[in-house]
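Undergrad: Here you go, one structure.
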Amino acid sequence: AKMRESRIERTKTVCTYCGVGCSFDVWTKGRKILKVEPQMDAPANQVSTCIKGKFGWDFVNNPERITEPLVRRGEAFVPVSWDEALDLVATRLQQIRDANGPDAIGYISSSKCTNEENYLMQKFARAVMGTNNIDNCSRYCQSPATFALRATMGYGGDTGGIEDIAQSDLVMIVGANPAESHPVLSTRIRRAHKKHGQKLIVADLRKNDLAHRANLWLHPAPGSDLVWLSAVTKYLIDEGWYDESFVNNRVDGFEAYKESLEPFTLAYAEKETGLSREKLIQTAEMIRDAKRLAICFAMGVTQHVAGSDTSTAICNLLLVTGQVGRSGTGAYPLRGHNNVQGAGDMGCAPDVYPGYESAGDEAVRTKYEAAWGVKLPTTKGLDNHQMVEAIHDGKLKAMYIMGEEMALVDSNANHVQAAFEKLEFFVVQDIFFSKTAQFADVILPASPSLEKDGTFTNTERRIQRLYQVLEPLGGSKPDWLILTELARRFGANWTYTHPGDIMHEVAGLAQLLSGVTYERLEGYKSLQWPVRPDGSDTPLLYTESFPFDNGRAKLIALEYTAPLTFDAQYDLHINNGRMLEHFHEGNLTYRVDGIKSKVPTTYVEVSPELANERGLKDGSLVRLESPYGKVKVRTVVTDRVVGKELYMPMNTPKEEEAINYLTSSYHDEHTHTPAYKECMVHMEILRQD
Ligand code: SF4
């Protein structure tokens, strides 16, 4: 530690701000971050980064970091030693388990934590505490995409890499805004579009940056993507523009699927989506003419009551046109957080062990029982949506949340916070005193990515090493170490002394990752799963076959579920998403002065038509109210949004602006991902200054 203070050091890390997974060297002197320097050999980004990756790190030294464990005494929190805090956590969890059984406690892991930490969190829940009640924030974003990909093609991940997206002739972006959410990836698309004639279709409610540049912008009615995707697919089949030989040789279920498309005529699609017949046909023709088609999609697709089905519609389209398994083709659910992919890969979900091995499969369970030396739970676990409901129902008594701002990030924030109030015991492990932490009984101070070793897995299934740049601040500790010390209090034989020990264990158990070693990930080296025992990896999936028994993909018949409806007083549709400069709920980037001074808070975008009709100006203060809650926010008048559609970035430092006070608890039926994008509000002008 002393040496670090006096010397200039240069350490490789991986960005913690989005699923692109940029890696770069961080130059430091002591705790001072001198600069971030990307390297040519960085696989996802080479010499690029965005504003967050380049400048977004000062939060690590922010005086508001929690640096010692805190325990609630009445309304106040008092600092205690690690031993006292961990003893208390162990005692209380034990008491609650003894009184109510292991399934009375829920565990939430984190997409901001490393793979190794995620592995330990699910191991702690299952092997130490005896429950499958483990989940992570991909439930809020990409679970529907994972569900659809696993059902149709076999693996829950992007079918290729960022390089493949750059190689395609036609990129379709559905319900995603890469220019702000995945900036470096969007630069690759812009370059391919401008320099190499790559065609671009953007389907989005908002005319975002890439929609402006696109050959075709589709603006369907909110929540109607499944209809136009299915209608275009039907049209391709009817016109004989699908890939018959691919369908015959590699795909099951074509006839039944084709039959299910009967209702999706162009006329029906025009009516439901508001897209013109010409635009639908133009979309089909562009797909027909593309040798290589890649479809990128994100939360505009997944965060709906039919999020999984719409994701499946995308997979169906790609399979019917044979646009899978070749370079430049495939499905790319753009993972939001840096390690959303990894948190899922590590088994932080109630139904799967690491490597997506089924928790309901006895052979899998037996394997883990032998490896971990315990009897493992057979009851079905709860996901994070079910956990909230189970607290309200009095069944879930305690929660342990690692690195997630669930109180503001889960939809229907008032409902979630009311649940947290009811918990008998609540542990929050985080780096800042978040809104969620306000409800905690014990707060354990964790270390951010710059203060630890480990691996992250980006959106292209690429596993990359991050190295410790700084010592943990004050008394904070890396999450893996906190979990290890806690597990030992329950008598677990956890002997990990470094994250490398944990990855060694993962590779020995999860087939998908069997060839992963720290040696093979040294420096800027990386591996894209599946990684075979000899260390060979898989940048492009499905080149020969699909990982089902007969090697064939599956087309899945779908029906349309219309979006939620609201009472007439809620007359404005509100969409939400990210903004370039800030990350997530804002706990990190609003603590970076350079970024905060540029974009100090969030806002709601209103269209020029609506501004005109209601007398709104730039900066009008408005109250937005849904059936679930209200927010107070300033307006920005912009033609990025149209008519009665509003858009609000979710990133804010002010609680009264947090979008999820408006959103409901309605969700996708298959995955319970909230329908964040299906929300209507009433607007009232408060001030015009
Ligand atoms: Fe970080 Fe994503 Fe920006 Fe890359 S594009 S620097 S991973 S936030």
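Please treat every number below as a calculation from the coordinates, not as lab data. Keep in mind it's a predicted model, so treat the numbers as computed, not measured. No Cβ is skipped: glycine too gets one built from the backbone with ideal geometry, and neighbour counts run over all protein chains shown.
Undergrad: Given the peptides 510-523, 666-679, arrange them by the average over their residues of other C-beta atoms within 10 Å, most packed first.
TA: Numbers: 510-523: 17.6, 666-679: 23.6.
Highest to lowest by the protection proxy: 666-679, 510-523.
Undergrad: Rounding to the nearest 20 debye, state how big the charge dipole of the stretch 283-375 is about its Cα centre with +1 on each Lys and Arg Cβ and -1 on each Asp and Glu Cβ.
TA: Working: 8 positive and 9 negative charges, 64 e Å.
So the dipole magnitude of the stretch 283-375 works out to roughly 300 debye.
Undergrad: Taking only pairs that are 8 or more places apart or on different chains, how many Lys pairs in the stretch 143-333 have Cα atoms under 29 angstrom apart?
TA: Going through the stretch 143-333 pair by pair, I get 25.
Undergrad: On to the next question. In debye, nearest 20, what is the charge dipole magnitude of the chain about its Cα centre with +1 on Lys and Arg Cβ and -1 on Asp and Glu Cβ, if you could check?
TA: Details: 76 positive and 90 negative charges, 377 e Å.
Value, rounded to 20: 1820 debye.
Undergrad: List the aspartates and glutamates whose alpha-carbon lies under 12 Å from that of Lys654, not counting same-chain residues fewer than 8 positions away?
TA: Glu585
Undergrad: With only Lys, Arg, Asp and Glu charged, each at its Cβ (+1 for the first two, -1 for the last two), find how big the charge dipole of the stretch 641-689 is about the Cα centre; round to the nearest 20 debye. Intermediate results must be reported in sequence, preceding the final value.
TA: Values: 4 positive and 9 negative charges, 21 e Å.
Dipole of the stretch 641-689, to the nearest 20 debye: 100 debye.
Undergrad: Along the stretch 523-528, what does the Karplus equation 6.51 cos²θ - 1.76 cosθ + 1.60 (θ = phi - 60°) give for ³J(HN,Hα), rounded to whole Hz, x for Gly and Pro?
TA: Along the stretch 523-528, the couplings run x, 8, 5, 8, 9, 9 Hz.
Undergrad: Take the cross-link list Lys29/Lys112; Lys29/Lys632; Lys380/Lys554 and give me the ones stretching past 31 Å between alpha-carbons.
TA: Details: Lys29/Lys112 25 Å; Lys29/Lys632 42 Å; Lys380/Lys554 26 Å.
Cα-Cα > 31 Å for Lys29/Lys632; rest within.
Undergrad: Which residue, chosen from Val128, Ser476, Ala398, occupies the Cα position most advanced towards the positive end of the dipole of the chain, where the dipole is computed from +1 (Lys, Arg) and -1 (Asp, Glu) charges on Cβ about the Cα centre?
TA: The one lying farthest along the dipole's positive direction is Ser476.
Undergrad: Can you find, among Leu236, Cys296, Phe254, the residue farthest towards the positive end of the dipole of the stretch 226-316? Put +1 on the C-beta of Lys and Arg, -1 on that of Asp and Glu.
TA: Value computed over the given set: Cys296.
Undergrad: Ok, one more. Relative contact order (percent) for the chain, with alpha-carbon contacts under 8 angstrom and 6 or more residues of separation? Don't skip to the end; give the middle numbers.
TA: On the way: 1625 pairs, mean separation 135.6, N = 689.
Relative contact order for the chain comes out at 20 percent.
Undergrad: Assign one of three labels to the chain, namely rounded, prolate or oblate, based on the Cα gyration tensor with a ≥ b ≥ c the square roots of its eigenvalues; rounded applies when a/c is under 1.5, prolate when it is not and a/b is larger than b/c, and oblate otherwise. Could the numbers behind the result be given before it?
TA: On the way: a/c = 1.44, a/b = 1.24, b/c = 1.17.
Rounded, because the longest to shortest axis ratio a/c is under 1.5.
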